[in-house]
Amino acid sequence: MKAKSLFAHLFALLLLLPFSSGHAAESAKSVGEQLYTQHCAACHGTDGDGGVGIPLALTDFQASVSDNYLAKTIKLGRPGRIMPAFATFTDQEIAAIVKHIRGFSNVAYPKDNRTPIKGNPTLGKKVYEQNCASCHGQNGEGGSGTGVTFSRPRHLPIIAPALNNSGFQAAISDEMIKHTLMKGRKGTPMTSFLKNGLNEKDLDNVVAYIRQFKQQEQTLTAEDLAPTLTYESPYGLQETIDSIKRAVLGKNFRLIRVQTFDDGYVAKDKQQANKSIIYFCNFEFLNRALNIDPRVGMFLPCRITVVESKGKVLVMAINPLRLSRLFNNNELDKACIEMRDLYIEILEEATL
Ligand code: HEC
Ligand code: HEC
């Protein structure tokens, strides 16, 4: 009895061990680490070494930014530049994340200094066009692609951030811009411009010029952002499917497969709804979209759903433009508008 209970006790301990140690590790994680792991690590790397998002662990980066800059960046995000806004996080949660980020690199960092820097934006424009526009874009719209994934150009390991971005402009101080220009960021394509032959006056002027950047307004309507594109077909189910196949091939797509639910899914009201999905693809377009943002892979290949219900045949596609908004990526909009227009042409042609 005694031996048995000892055995049982040991057995229970053995069973519990992995769980309890796992549990201990879990609770040892700070709130900041947990939040960072859950919401940031996928893009910025577990140790802040970068990914789709730019690195946060670099010494020069940390030494140039205040806690307030980090907090504001988290809260506001960078609209249209992939970096999401974490608007619902409390100030305490954001402070915990900032503390965790500071742990990546234990360097001294500045207090927030919002003293404006006086400069001449007209002279700054010249400096900007000669020294900055090649990476940060003519209007400060930032570099193309998504960080260190396969869309990254090899000679530019880190994508230049957008400087005309409302989130960036609200978070950054003049002092921090100037500091970044003076020191550069070792380990990135952003070099020190004092070393590159500009003087402090030039830098003040370029700061003044950057402050004048305006982000281009989004001009998407509610209709642009409808979740699905839906058309009613005047034909029967099979006829509609054939008609879509023809339209798809006519637009130079390759048909992948048609998936049918012929076995009859019976709805609660006993009415039979028939549903088919037509999968198709265009490799040139697919490659282009993946290069802009690899996350679109989740929604490829292209597909159109045909549903017969209550004597009606409906054809539907997900609105690609709605997807690019979910990804918070302005660059993707152009490809998605193109894709949406193609879907509409196919759907209209098939239901004509
Ligand atoms: C060779 C490309 C390149 C050039 C040229 C360049 N930058 Fe950068 N810049 C970058 C990259 C890449 C980063 C991001 C560095 C990082 O990962 O922290 C950056 C970061 C910055 C930042 C900080 C932005 C932020 O969100 O952290 C500012 C401000 C900036 N650059 C301004 C300028 C200005 C002004 C010039 C011209 C005087 C210039 N850059 C020239 C590539 C460049
Ligand atoms: C879906 C990917 C993604 C997620 C998730 C994400 N970021 Fe970002 N983040 C980015 C990208 C991309 C940029 C650069 C924006 C640009 O290119 O203009 C960025 C920029 C930043 C910057 C500015 C860096 C600089 O050099 O000034 C900070 C700080 C930052 N992110 C922190 C965070 C934190 C903290 C989280 C989690 C709470 C987070 N990000 C979640 C993609 C992401």
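Rule-based calculations on the coordinates, nothing more; no lab input. These figures come from a predicted structure and were not determined experimentally. We place every Cβ from the backbone using ideal geometry, glycine too, and count neighbours over all the protein chains shown.
Worth a mention:
- Most positive-pole-ward Cα, 131, 105, 77, against dipole of region 31-210 from beta carbon charges: 131
- Straight-distance crosslink candidates among lysines, where the alpha carbon sits under 22 Å from residue 75 and sequence neighbours closer than 8 are dropped: 99, 111, 214
- The Cβ shell under 13 Å around residue 86 holds other residues with a net charge of +1, Lys and Arg each +1, Asp and Glu each -1.
- Pairwise label distance in nanometres, residue 126 with residue 30, each label 7 Å out on the Cα-Cβ vector: 4.8 nm
- Charge tally in the Cβ shell below 13 Å around residue 173, where Lys, Arg are +1 and Asp, Glu are -1, residue 173 excluded: +1
- Two-site FRET efficiency, residue 338 against residue 114, from Cβ-Cβ distance with R₀ of 41 Å, rounded to 0.05: 0.45
- Annotation: peptides 178-189, 245-256, ranked by per-residue average of other Cβ atoms within 10 Å with the highest first, follow the order 178-189, 245-256.
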